[in-house]
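Enquirer: Take this structure first; my questions come after.
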Amino acid sequence: MANNSICTELTGAIDKSCVRNFPKKYYQEAVIINLNDIDKANSQIGNIAGSTCDYTVQMILKSLKKGVQVKLPETGNAIKGFTGKSKTDNGFVQYLHQVQILMIGADVETKCQIDKLDHGRYVVALQLTDGTVEIYGWENGLSTGDYTYDIAEGGGGSLIVLQSDENAQESMLPLVYKPQTGGDANADFNEQFEAA
């Protein structure tokens, strides 16, 4: 008989039977951060393993760096994040991080922005309507997946998905942003993490 190896165990209870208020939507704002602008050496990931699971990251950007804000009308639902779980052929769990945004227009500026998204690697922050800020692509970054940019059928633009590379998916779910001591997650998000 083989030795059983348990990396983590589910303990306690999961009781959501009386929950009435939980987020179902993202604010229509994203912060896209160049992966190289993050100070990974000084950023801290919470302890995910063990009995006190801390699925957070205290993200610090390098000096004079900040993210790029993407903002759409709050009445829409174009900006959102989602995650797909799978296993490698070797049995390791992996997560495909995906963030959807909307690009509009066919002018020079829009084409340059899309080209940069196509050729770069990014971490993306999204904020849920309860104020929670999620960080997508922390380990390996996100880049654009395959898409068709069709302004005629798309009402003037197209949805673009930034996602993990198929062969370099994340080992963790999207992390919850945790501000520095005395900081505020909402303020950091609204300032594109410039002060973080």
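Enquirer: What dipole magnitude, in Debye to the nearest 20, does the stretch 85-148 give about its Cα centre under +1 on Lys/Arg Cβ and -1 on Asp/Glu Cβ?
Expert: Details: 5 positive and 9 negative charges, 33 e Å.
Rounded to the nearest 20 debye, it is 160 debye.
Enquirer: Find the percent of Cα-Cα distances in the stretch 56-139 that exceed 23 Å, and round it to a whole number.
Expert: Values: 1271 of 3486 pairs.
Tail of P(r) above 23 Å: 36 percent of Cα pairs.
Enquirer: What is the magnitude of the charge dipole of the chain about its Cα centre, with +1 placed on the Cβ of each Lys and Arg, -1 on the Cβ of each Asp and Glu, and no other charges, expressed in debye to the nearest 20? Can you show the working numbers first?
Expert: Values: 16 positive and 25 negative charges, 73 e Å.
Its charge dipole is roughly 360 debye.
Enquirer: Sticking with this structure for a sec: Computing the accessible area with a 1.4 Å probe over protein heavy atoms, can you report the carbon and sulfur percentage for the stretch 48-182?
Expert: Details: 3780 of 7360 Å².
Reported share for carbon and sulfur atoms: 51 percent.
Enquirer: Straight-line reach from LYS40: which lysines fall under 16 Å, measuring Cα to Cα and dropping same-chain residues less than 8 apart?
Expert: Correct list for LYS40: LYS62, LYS65, LYS66, LYS178.
Enquirer: Could you please state, rounded to a whole Å, how far the C-alpha centre of the stretch 110-129 is from the C-alpha centre of the stretch 33-64?
Expert: Value for the Cα centre distance between the two parts: 19 Å.
Enquirer: Now for a separate question. Under Stokes-Einstein, with the Kirkwood radius over Cα pairs standing in for Rh, what whole-number D in µm²/s applies to the stretch 103-196 at 4 °C and 1.567 mPa s?
Expert: Estimated via Stokes-Einstein, D reaches 86 µm²/s.
Enquirer: Cross-link candidates for LYS87: which lysines have Cα within less than 18 Å, leaving aside residues fewer than 8 places away along the same chain?
Expert: Cα-Cα hits under 18 Å: none found.
Enquirer: Then there's this: Place the peptides 34-43, 120-129 in order of packing, highest mean first, counting for every residue the other Cβ atoms within 10 Å and averaging per peptide.
Expert: On the way: 34-43: 14.7, 120-129: 21.4.
Listed from highest to lowest mean packing, they are 120-129, 34-43.
Enquirer: Return one whole number: the accessible area per residue of the stretch 29-145 in Å², for a 1.4 Å probe. Provide the component values of the computation, followed by the final result.
Expert: On the way: 6080 Å² over 117 residues.
It amounts to 52 Å² per residue over the stretch 29-145.
Enquirer: Can you tell me how the stretch 119-164 classifies by the Cα gyration tensor, rounded, prolate or oblate, using a/c under 1.5 as the rounded cut?
Expert: Because a/c hits 1.5 or more and a/b fails to exceed b/c, the stretch 119-164 counts as oblate.
Enquirer: Can you give the FRET efficiency to the nearest 0.05 for LYS85 and GLU194, using r as the Cβ-Cβ distance and R₀ = 45 Å? Walk me through the numbers on the way to the answer.
Expert: Values: r = 33 Å, r/R0 = 0.73.
That gives a FRET efficiency of 0.85.
Enquirer: Helix 108-119 sits at what angle to the longest principal axis of the chain, using alpha carbons and giving 0 to 90 degrees rounded to 10?
Expert: 30
Enquirer: Can you give the translational diffusion coefficient of the chain in µm²/s, computed by Stokes-Einstein from the Kirkwood radius over Cα pairs at 20 °C and 1.002 mPa s? Write down the numbers at each step before the final one.
Expert: On the way: Rh = 18.3 Å.
So the translational diffusion coefficient is about 117 µm²/s.
Enquirer: With θ set to phi - 60° and the Karplus curve 6.51 cos²θ - 1.76 cosθ + 1.60, what are the ³J(HN,Hα) couplings of the stretch 161-170 in order, to the nearest whole Hz, using x for Gly and Pro?
Expert: Using θ = phi - 60°, the values come out as 10, 8, 8, 5, 5, 4, 9, 9, 6, 7 Hz.
Enquirer: Suppose a student asked you for the relative contact order of the chain, using Cα pairs under 8 Å spaced at least 6 residues apart; what percent would you report?
Expert: On the way: 371 pairs, mean separation 48.8, N = 196.
With pairs under 8 Å counted, the relative contact order is 25 percent.
Enquirer: At 7 Å along the Cα-to-beta-carbon direction for both ARG20 and ASP130, put a label point, then send me their distance in nm to one decimal.
Expert: 1.5
Enquirer: Cα to Cα, under 20 Å, and not fewer than 8 places away if on the same chain: which lysines meet these conditions relative to LYS16?
Expert: LYS24, LYS25
The values are calculated or read from the model by the stated rules, or taken from the named source; none is laboratory data. All figures in this text were calculated on a predicted structure; none of them were measured in a lab. Cβ sites come from the backbone with ideal geometry, for glycine too, and all protein chains shown count toward neighbours. In case anyone asks, the SASA skips ligands and DNA or RNA and just uses the protein heavy atoms, side chains included. Shrake-Rupley method; radii C 1.70, N 1.55, O 1.52, S 1.80 Å.
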